[in-house]
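Single-structure report; data block below.
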Amino acid sequence: DAKIQPIAYRPFDTRYTFYTGIPNGFHCRPRNEVMQHLIGKENVAMIAKRGFINDTAPAFVTKFMADYRGWSCAGMQGGDYIFPLYTYGIHGKRPNLDETIVARVAAIIGREPEPVALFDYVYAVLYDPAYRARYREFLKIDFPRIPYPSSAEEFDRLAARGGKLRRLHLMEEVPPLATTFPVDGSGLVDAVRYVDGRVYINGAQYFGNVPQGAWELCIGGYQPAQKWLKDRKGRALSLEEIQHYERIIAVLVATVELV
């Protein structure tokens, strides 16, 4: 039973897998040197890649091990890279941060930043539309590079916003739900389509009050509001899945507003 572990399969779509960590076993490339820091540990990791061609934020977040394409889609150069905030070893839990960079940030803001605050600052920068516009061409060919904060005030402001985004994307903090599922029926996902604020899953049943911005929002290589349902085509949604989809929409709406 200990081998059954959650995996970030796609954005907001956690599945389960049989994980041994042994190369060329159940998984061909389990990457245990990285994933061991996320399995059964209190941790968070940033997902990014070298070269990102979409006009969306060049990063996502997970607290579980992640699929090779858990965030980016086929057709993008290479798979996803996972950057755990902490590593676990014989010396216990340690921040997975370059001490030289931490010291430089500390000199700017007048104190040593908490590891998670530095993580959140980076996450906020990567979701900043101005940053993405300015470095669009560079982001297409290399890993994202992060500017240092100009002041303690800027660091704190962005870290607060990045923390909000992180909690939203981990679904640890979900705003009040406004989406409805008002029509009784089989719950079968058949033909998914968006019409005037409604996401139909078949000819009669739909999720109501879905803003177009949330429906179209792209995270990595996917549009989560669409991808999550299309991956369940031919299946009847359970009550738990209906509620989960409503939570996804709430998170996407909040992401659009915050960005």
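Brief remarks follow.
- Counting protein heavy atoms only, the chain has 51 percent of its accessible area on carbon and sulfur, 1.4 angstrom probe.
- Over 20 Å apart at the Cα level, from the set K63/K164; K164/K233; K140/K227; K164/K227; K3/K41; K63/K93, are K164/K233; K140/K227; K164/K227.
- Projecting the Cα atoms of A225, S186, A236 onto the charge dipole of the stretch 161-249 (Cβ charges, centred on the Cα centre) puts A225 farthest toward the positive pole.
- Calculated over the stretch 96-241: convex hull of Cα atoms, volume per residue (Å³): 158 Å³
- A P(r) calculated from all alpha carbon pairs of the chain, with 5 Å bins opening at zero, reads 1, 6, 12, 16, 17, 16, 13, 10, 6, 3, 1, 0, 0 percent.
- Cα-based shape type of the stretch 1-130, given that a ≥ b ≥ c are square roots of the gyration tensor eigenvalues and the cut on a/c is 1.5: oblate
- Per DSSP, loop trypsin sites (Lys or Arg not before Pro) in the stretch 109-149 with at most 15 further Cβ within 10 Å: R111, K140, R145
- Point-charge dipole on Cβ atoms (K/R +1, D/E -1) for the stretch 50-161, about Cα centre, debye to 20: 180 debye
- Its Cα centre serving as origin, the stretch 139-259 has a Cβ charge dipole (Lys and Arg +1, Asp and Glu -1) of approximately 320 debye.
- Each stretch of four or more DSSP H residues adds -39500 (n - 2.57); spread over every residue of the chain, this sum gives -10000 deg cm²/dmol at 222 nm.
- Protein heavy-atom accessible surface, 1.4 Å probe, per residue over the stretch 16-173: 54 Å².
The values are calculated or read from the model by the stated rules, or taken from the named source; none is laboratory data. Just so it is clear, the model here is predicted, and its values are computed rather than measured. FYI the Cβ positions are ideal-geometry reconstructions off the backbone, even for glycines, and counts take in every protein chain you see. What goes into the accessible areas is simple: the full protein's heavy atoms, side chains included, and nothing from ligands, DNA or RNA. Shrake-Rupley method; radii C 1.70, N 1.55, O 1.52, S 1.80 Å.
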